[in-house]
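Report on the structure given below.
The values are calculated or read from the model by the stated rules, or taken from the named source; none is laboratory data. Predicted model only: the values in this text are computed from it and were never measured. Positions of Cβ are backbone-derived with ideal geometry, glycine not excepted, and every protein chain shown enters the neighbour counts. Side chains included, ligands, DNA and RNA excluded: accessible areas come from the protein's heavy atoms. Shrake-Rupley method; radii C 1.70, N 1.55, O 1.52, S 1.80 Å.
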Amino acid sequence: MTTTDMPAAPSSDTVPRSPAGNPLGFGHMLRKEDARFVRGQGHYVDDVRLPGMLHGAILRSSYAHARVVSIDTSAAEAHPKVKAVITGKILETLNLAWMPTLSGDVTAVLATDKVRFHGQEVAFVVAEDEYSARDALELIEVEYEPLPAVVDATHALDPDAPIIRDDLEGRTDNKIYDWEAGDEAACDEAFAKADVVVAEDLVYPRVHPAPMETCGAVAHMDKVTGKLTIWTTTQAPHAHRTVYALVAGLPEHKIQVISPDIGGGFGNKVGIYPGYVLAIVGSIVTGAPVKWMEDRSENLMSTSFARDYHMHGEIAATKDGKILALRVRVLADHGAFNGVAQPTKFPAGFFHIFTGSYDYPAAHCKVTAVYTNKALGGVAYACSFRITEAVYLVERMVNCLAFELKQDPAELRMKNLLRPEQFPYMSPTGWEYDSGDYPRALREAMRIAGYEELRREQASRRAAAAQPGADPTAPLMGIGLSFFTEGVGAGPRKHMDILGLGMADGCELRIHPTGKAQLRLSVQTQGQGHETTFAQIVSHVIGLPPEDIEVIHGDTDNTPFGLGTYGSRSTPVSGAAAAVAAQRIKDKARVIAAAALECSVDDLEWEHGRWFVRGDPTQGKTIAELAMIAHGSLELPEGVEGHLDASVVYNPPNLTYPFGAYICVVDVDPQTGQVKVRRFIAVDDCGPRINPMIVEGQIHGGLADGIGMALMEVIAFDRDGNNLGGSFMDYLLPTSMECPSWELGQTVTPSPHHPIGVKGVGESATVGSPPAVVNAVLDALQVRSADMPFTPAMTWRALEGRPMRPDLAIE
Amino acid sequence: MQVPAPFEYQRAGSVDEAIALLARSGGDARLVAGGHSLLPMMKLRLARPETLVDINGLSDLEYVKVDGDEIAIGAMTRHVGVLESAVLAEHYRIFAEAERVIADPLVRNRGTVGGSLCQADPSEDLSAVFAALKGRAVIRSASGTRSVDLRAFHLGPYETVVGDAEIVVEVRVPIRPHTGSAYEKVERRAGDWSVAAAGAFVQLRGDTIDDVGIGMTAVGAAHFTCEEAEDSLRGGPVSPEAIDEAARICGQRCNPSADQRGPVDYKRHLVSVLVARALTRSVARARGEAA
Ligand SMILES: Cc1cc2nc3c(=O)[nH]c(=O)nc-3n(C[C@H](O)[C@H](O)[C@H](O)COP(=O)(O)OP(=O)(O)OC[C@H]3O[C@@H](n4cnc5c(N)ncnc54)[C@H](O)[C@@H]3O)c2cc1C
């Protein structure tokens, strides 16, 4: 069969419209899923109510590190509404007390020997209602023998540090791994020749994705059929199904994982949590469906955190600011279990893309990961497998260099950015950037910002502040930049797998006889608008109206296998799968059209969803007409099956590399340390924009995330290892009051290897914005070094030249 | 879902009934007004009253009015009622300025003046406002009504003079001519509790400070105020130096503790900054120079 070319991405105003007014392909359209969300008709895990359903609740450790001496559950069991109390001892008999993590470690489902973080799961109560379940938790008596806790990661490898993982045979310290990337010798050589070397210590503190919907599950083990159905908050339903099969030894064809509407994920819902397993065990033990929904504090204290990277960077440059090399040492705090969710061959995620958007030949990083008495996690919160940390590192280092050289940070960046003609570009640490025009994006951001004018305003404000009798309350103005390169769409299966499962995605497209379509995806939306975007992708290729294309996802019994939605991979991987499936439909429709019109396939031309005879446009058939013919009685050519379906597994040849230039303007109250973000300019290049409104929504959210991380979000721990961020009173998320009216711009550089050129945008702004805000605050203070978050106190202390560590309790 | 421990629920139709219900349960009952402090504590199981006496039906306690030479605020007045009160806006700008930065509209639509004071949270903004204005609380019990100076109302964090079977029915503030007032708060984010906050009123006679009140919250100031700083100003001429000195005293005399909102040195510094700003703006308002 001949293959036609994928259509080029049109500009959205030339796209024809469907009868409902939607674009037949790319362009602005309202989200199909919002019809139910704005009516309050979404259906989340907590909305699942089954007959006879019981409720589970988890007893959690109040210590960060303690030996479990005894657990007395008798009083809880005597509670009239309690159906079962499960402890680690009971799980041991089922061989379920421990489960594998996504990083080759194990984690406790319920503590048996010790508790290793504040909030760890200790016992599980199943009761008739959630009130009784929680009441019964108070009836469980646990005797602990407290142990000293490892709280400060920088002391985790001290010789006298308590050993956290004495469950692992032969452990004599808290090290998880040493890992490196890049060419150390080449890097040393470049440093030896440098005029300037700037070193900086940076903490990217522990933060939490904090989705609006917390994690939970309803498990129903049907004793008669032997089938387990689990409704659960998962970004990766198929991966979860396979893991349940592997962990619990359940037959995979008897497991159905359903991920209904999901109220935000951001990486928080990639992993499998003890609560999910406990709901399953609870259902097996009681024979009834069991619901477990965590509360807000449980979510913040025990589920996947993000970041917690202690970085030391050294940047080498010539005296006029040409970067020569970058060297990085990282101490990675992984918590009590190594539960990082990332491709197997990448223990530090994609951190070694830290050379960023700049042209220099040498780089080297060494990452040491350690256990501490904190919750596990590490890759979450829209981080693109730690590209967040990488971008923060390089964008702070470039600013430190500019600070020392007294150069304008925009000019310094412009001098070092990769040139368009260098693409595809092989980075010194082995990443092949697919396409880009970086200077154009930076120029565009500077144009929107009015960069020169901003710098002039800043200079005149600084001059005024230096006058005698100047107003001591006059705000300090700061301008911060960041330029980021992302790498998303994991990934090529020969390099990338999770627990041995290659990261290729399946997709099935079925055109019904009347020309209405169903698209089955393995990825699962958590608010990104898949039901709209994927319909538009198919519409773009075969011209059916998006409203006639139903997207089906989130149910393993009804969708093909694939690894799920995180790392901005849905559009780069499953989006490609959908485009290729649609392309196959189009190609098959052509053959059917040739048969129906009694001509050769080579005589057919395509326009607006219709094959027609070249030279006689009246002789043609639309995709809908061809769907009916495909299901009808027309004799089809030899070898052509009936119906109009396609099934694809897409294995991406490379990652896609979105990029962008961000500029932030802040005003800081010099007396109180309060930071006000005055403006934020974001120029993103994610290739062609399928639905510009959805893309902008993703960027808006990510920018708010960035302001949150830069100004307020952090989970610190006190000396005893108590989590100090266990509620929204303590863990602050930004509101509209902290966000300026975003100023967005774009450039469009298609990916050369993606079927429709798109690059993914889900995490760009979260990755790219924190350093812009931090650089702006430090520019306002005219200070080189301090760590986020810039709460008023942190900012004031930075201004005083006495910055504080963000990861420890303020004492 | 966070759920409270089991409790009984009673709805009071009058102040007398509320008092009777409280008396009947001994010390195990709690009034619930807006519930924005009590219910979170119950859900976290930090509070576990056996009975809740709901006083949301007592709409006769929801008012702001001039009564003689005082302003009377009913205990069930919601934050939003204080925020939007024309009477308070005319006499004391400090109220609207404080209310604007208390929590968010959801909380302000339910939370009450009485609940705020009786919660006695060491970071409550209205406690600083009433301390600054030297108001008094009117408290009723089965045996009658008493009135307590708000600077003697709080016995410590989460502790007040209100007895088990008593209810605060009203708060009163003297009306003062030639007076300006202001509130200054620093929070980490909109809707957050104060890192520190300060409020003030200044009453002028010509260029002399006739009377002054300073309130502070979240910084461990005894009775949410600093009389030494007030004394340093009262009777003296208005000057930036005098204001700075009073502000410095407040920073020194308060007793903040370090937490994730900030270290002690910052909080002391911040108190001085905010007290100075509140006093300066109060003076400008008293002179009619500023809105
Ligand atoms: C998210 C959030 C943010 C907040 N931020 C702030 C803030 O920034 N600044 C601030 O000052 N406050 C803040 N608050 C607290 C808010 O102002 C509360 O509304 C207030 O503290 C309590 O008022 P309430 O009517 O809700 O009291 P309730 O919760 O109903 O009661 C509190 C206590 O007072 C007792 N009580 C209530 N009324 C009476 C009465 N008439 N007589 C005797 N006892 C009584 C109750 O028994 C209970 O012990 C916040 C609250 C929330 C939920």
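The candidates A:LYS83, A:LYS494, B:LYS65, arranged from most to least accessible area with a 1.4 Å probe in the full protein assembly, appear as A:LYS494, A:LYS83, B:LYS65. Overall shape: prolate for segment B:185-286, with the ratio a/c of the largest to smallest alpha carbon gyration tensor axis at 1.5 or above and a/b above b/c. All C-alpha pair distances within segment B:61-174, sorted into 5 Å bins from zero, spread as 2, 12, 24, 28, 20, 10, 3, 0 percent across the bins. Distance check, please: which entries in A:LYS269/A:LYS345; A:LYS291/A:LYS676; A:LYS322/A:LYS366; A:LYS291/A:LYS374 exceed 32 angstrom between their Cα atoms? Exceeds cut-off: A:LYS291/A:LYS676. Modelled label positions at A:HIS631 and A:ASN651, each set 7 Å beyond Cα in the direction of Cβ, lie 3.4 nm from each other. Listed peptides A:384-392, A:779-787 appear in the order A:384-392, A:779-787 once ranked by packing, highest mean of other Cβ atoms within 10 Å at the front.
Computed over chain A, relative contact order equals 16 percent, with contacts defined as Cα pairs under 8 Å that lie 6+ residues apart.
Shielding value for A:726-736 is 3, the average number of Cβ atoms from other chains within 10 Å of each residue's Cβ. Each Lys and Arg adds +1 at its Cβ and each Asp and Glu adds -1 at its Cβ; summed about the Cα centre, the protein assembly as shown shows a dipole of about 660 debye.
When chains B and A come together, the accessible area they lose, probed at 1.4 Å and totalled over both chains, is close to 2600 Å². Take every Cα pair under 8 Å whose residues are at least 6 apart in sequence, average their separation, divide by the length of chain B, and the relative contact order is 16 percent. Rolling a 1.4 Å probe over the protein heavy atoms leaves A:CYS664 with an accessible area of roughly 0 Å².
Taking a ≥ b ≥ c as the square roots of the eigenvalues of the Cα gyration tensor, chain A is classed as oblate, since a/c reaches at least 1.5 and a/b does not exceed b/c. Helix B:15-24 and the longest principal axis of the Cα set of chain B meet at an angle near 60°. For segment A:660-678, a drop of 30 Å² or more in accessible area on going from the chain alone to the assembled protein chains (1.4 Å probe) is found at A:GLN671, A:THR672, A:GLN674.
Where in segment A:105-140 does accessible area fall by at least 20 Å² between the isolated chain and the complete protein assembly, at a 1.4 Å probe radius? Going by heavy-atom accessible area, the residues of segment A:105-140 that drop by at least 20 Å² are A:GLU130, A:TYR131, A:ARG134, A:ASP135, A:GLU138. Taking all protein chains together, A:ARG797, B:ARG24 sort by accessible area into B:ARG24, A:ARG797, largest first [probe 1.4 Å].
Charge dipole of segment B:83-131 (Cα centre as origin; +1 on each Lys and Arg Cβ, -1 on each Asp and Glu Cβ, all else neutral): 80 debye, rounded to the nearest 20. Considering only alpha-carbon pairs that sit under 8 angstrom and 6 or more positions apart, the relative contact order computed for segment A:494-564 is 38 percent. Cross-link partners for B:LYS65 among the aspartates and glutamates, with Cα-Cα distance under 18 Å and sequence neighbours closer than 8 places in the same chain left out: B:GLU84, B:GLU90, B:GLU99, B:GLU170. Taking a straight Cα-Cα cut-off under 22 Å and skipping sequence neighbours fewer than 8 places away in the same chain, the lysines within cross-link reach of A:LYS621 are A:LYS516, A:LYS586, A:LYS588.
In this simple spin-label model, placing a label point 7 Å from the Cα along the Cα-to-Cβ direction at both B:ALA5 and A:LEU733 gives a separation of 3.0 nm. Under the rule a/c < 1.5 gives rounded, and otherwise a/b versus b/c splits prolate from oblate, where does segment B:246-291 land using the Cα gyration tensor? It is prolate, given that a/c is not under 1.5 and a/b is the larger ratio.
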